1. Applying the selection to segment C:60-74, what residues are more than 8 Å from every other protein chain (Cβ to nearest Cβ), surrounded by fewer than 18 Cβ atoms within 10 Å (Cβ to Cβ) and touching a residue at least 40 places away in the same chain (Cβ under 8 Å)?
2. Filter segment B:154-169 down to the residues that are facing chain A (nearest Cβ under 7 Å) and not in a helix (DSSP H, G or I), then identify the one that is surrounded by the most Cβ atoms within 10 Å (Cβ to Cβ).
3. Kindly establish whether residue C:30 is in contact with a strand residue (DSSP E or B) (Cβ under 9 Å, 6 or more places away or on another chain), more than 14 Å from chain B (Cβ to nearest Cβ), buried (at least 17 other Cβ atoms within 10 Å of the Cβ) and closer than 30 Å to residue C:199 by Cα.
4. So which residues in segment B:54-79 are more than 20 Å from residue B:170 (Cβ to Cβ) and either away from chain C (no Cβ under 14 Å) or within 11 Å of the chain's Cα centre (by Cα) (or both), if there are any at all?
5. Restrict the check to segment A:49-56 and report whether at least one residue is touching a helix residue (DSSP H, G or I) at 6+ places or on another chain (Cβ under 8 Å) and within 23 Å of residue A:173 (Cβ to Cβ).
6. Mind checking which residues of segment B:3-24 are touching a residue at least 12 places away in the same chain (Cβ under 8 Å) and more than 12 Å from chain C (Cβ to nearest Cβ)?
7. Mind listing whichever residues of segment A:157-195 are facing chain B (nearest Cβ under 10 Å), at pLDDT below 85 and farther than 20 Å from residue A:137 by Cα?
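The values are calculated or read from the model by the stated rules, or taken from the named source; none is laboratory data. None of the values given here were measured: they were computed from a predicted structure. All Cβ positions, glycine included, derive from the backbone under ideal geometry; neighbour counts span all protein chains shown.
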């Protein structure tokens with residue numbers, strides 16, 4: 001047992017994680033491409049046209065995975081933040097900062113594609129629906145996290161402050177979601193109800209799952225790439241980075 | 001423990017009393033923001049009645065934001081914060097005292113002003129009472145949650161703007177339940193549910209927020 | 001009692017010092033010297049537990065200070081660059097409220113006494129913003145008069161003080177050491193502290209940090 005713990009912490013050091021991440025990245029890119037092509041093929045070429053929504057529904061192949069990822073990445077970020085505070089490992093903070101832009105990107109994509117979907121379906125770009133509003137607030141939380149980290153010069157301090165913020169955010173997200181839902185039901189008259197079609201064709205579901213997997217692989221690949229850059233930047237004065245750079249030259 | 005919290009509150013109130021201009025400025029900010037809305041949307045009483053709870057609550061949020069940067073900045077600048085962090089007691093308790101003092105100085109005046117401003121918006125008696133009550137219950141949560149943001153942005157570039165970026169999204173539940181309580185009264189649903197949820201948020205804000213705040217302060221002192 | 005082993009301090013991208021070790025027993029004083037920017041203040045803040053060391057360990061009564069937490073802090077008196085004096089309050093209010101916040105019992109008489117000793121007699125009720133730099137520093141140092149905690153960590157205590165005040169503070173530190181207390185202080189002025197076992201630690205601008213006895 002203790003053996004395994006030690007092994008895990010071995011990879012928590014940037015020096016050992018850097019080459020490992022480098023080896024993994026191409027695989028995740030390849031998987032992202034395979035899943036993406038498969039998912040989009042099913043989504044756009046194979047899956048039938050929706051009886052009620054016509055062709056416009058096909059945006060969900062991007063919209064739904066993006067929403068999932070935006071929420072999930074925040075949780076992963078908070079997890080790394082907690083690890084960083086608890087074990088004081090350098091890698092955790094770097095992972096959290098590497099994930100934030102991807103999470104923000106997915107939150108933004110989810111809002112964007114939601115608006116694109118809303119226009120033909122509801123006749124309006126934006127409704128104050130509970131899910132849309134929560135997604136918007138999630139985007140605000142991401143932006144706050146990124147802005148806080150950007151404003152602090154000392155990376156260690158930025159990591160810790162960001163970690164506290166991420167944890168406060170993760171405690172607050174359910175409260176915010178619940179309050180927005182409550183607010184929405186009170187003001188239901190103004191908005192359009194967002195109930196999904198009860199049964200989704202199996203093929204559509206497959207397409208969506210494959211697209212979701214593609215987004216997963218993309219997120220992992222891009223986060224690993226970003227974390228490698230952060231490592232080089234922060235540790236540029238350490239021996240291992242110097243050795244690495246000397247090797248490249 | 002109580003002695004310590006009382007000592008912190010006493011000290012902060014005394015300091016605030018010697019610097020009354022700050023309190024008065026925040027109060028006038030609140031009054032001005034609220035008074036601008038009728039000028040912007042027109043004086044129809046029906047519309048104003050509908051807008052009142054939201055406008056007053058949003059203005060209260062902004063007025064609270066205005067006083068937050070000073071919550072720790074002065075103590076940080078003159079070295080008092082170091083002393084507090086080195087005192088032989090949990091820093092969270094000190095923060096709790098400071099949050100209570102902040103509410104007394106920045107939150108309570110808003111509550112007292114609310115009925116007067118509500119009359120400007122032609123609110124009926126019961127709505128006015130619920131609005132004031134909702135502010136009374138909800139503003140402590142604003143001080144508590146705001147303290148986290150104030151601690152995180154302590155000594156950071158562009159602290160004030162960053163602070164609002166961090167804190168305002170976290171204020172959303174308070175805004176929803178606070179303004180919602182008045183709406184519910186007007187529409188005849190009764191404000192109890194909203195007010196009790198608001199009370200839960202305030203308790204959470206005042207008693208849990210000091211701990212992440214203390215952690216953030218220690219990070220800022222490193 | 002106070003023991004530091006292999007402390008390392010990294011600020012931003014610069015390593016200020018490494019391998020700083022010392023041991024201090026009751027009645028001893030550590031005189032921390034070095035050029036500007038050599039990390040004296042950083043080392044003091046590390047000893048207080050405000051800043052974590054990049055590596056190394058600090059022990060108080062053979063226990064790591066991080067573990068001791070409040071127990072350690074209840075034996076620590078730190079006076080930093082900043083005076084921790086509120087401009088709006090009078091010296092008397094300042095000294096009373098900081099004692100209350102540190103959970104020390106200090107009655108008004110003792111506080112007045114201390115202020116008189118540091119030469120602020122007649123200014124007890126004047127808001128500190130009207131005091132000169134040196135007088136503010138005196139108001140801050142008035143804490144030391146009745147300070148009974150075992151470990152004093154003083155960052156440039158003599159700055160802005162005149163010669164008489166410096167002698168006074170040196171005397172207070174000397175009395176503290178005679179009671180069996182410990183003191184760590186930085187200063188650019190060589191001031192003899194009466195009857196003290198003094199150790200010196202030089203923080204070099206380069207990594208060669210030497211300890212002299």
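1. Within segment C:60-74, C:61, C:62 meet the criteria.
2. Of segment B:154-169, the ones facing chain A (nearest Cβ under 7 Å) are B:156-158, B:162, B:165-166, B:169.
Restricting the remaining residues to those that are not in a helix (DSSP H, G or I) gives B:156-158.
On the way: B:156: 20, B:157: 11, B:158: 12.
Selected residue: B:156.
3. Numbers: in contact with a strand residue (DSSP E or B) (Cβ under 9 Å, 6 or more places away or on another chain): yes; more than 14 Å from chain B (Cβ to nearest Cβ): yes; buried (at least 17 other Cβ atoms within 10 Å of the Cβ): yes; closer than 30 Å to residue C:199 by Cα: yes.
It is true that residue C:30 is in contact with a strand residue (DSSP E or B) (Cβ under 9 Å, 6 or more places away or on another chain), more than 14 Å from chain B (Cβ to nearest Cβ), buried (at least 17 other Cβ atoms within 10 Å of the Cβ) and closer than 30 Å to residue C:199 by Cα.
4. Selection gives B:55 alone.
5. No, that holds for no residue.
6. Within segment B:3-24, just B:23 meets the criteria.
7. none
Every residue, every condition in (1) closer than 14 Å to residue B:4 by Cβ; (2) touching a residue at least 60 places away in the same chain (Cβ under 8 Å); (3) in a helix (DSSP H, G or I); (4) in contact with a strand residue (DSSP E or B) (Cβ under 6 Å, 6 or more places away or on another chain), yes or no:
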site: B:94; (1), (2), (3), (4): yes, yes, yes, no
site: B:102; (1), (2), (3), (4): no, yes, yes, no
site: B:105; (1), (2), (3), (4): no, yes, yes, no
site: B:110; (1), (2), (3), (4): no, yes, yes, no
site: B:116; (1), (2), (3), (4): no, no, yes, no
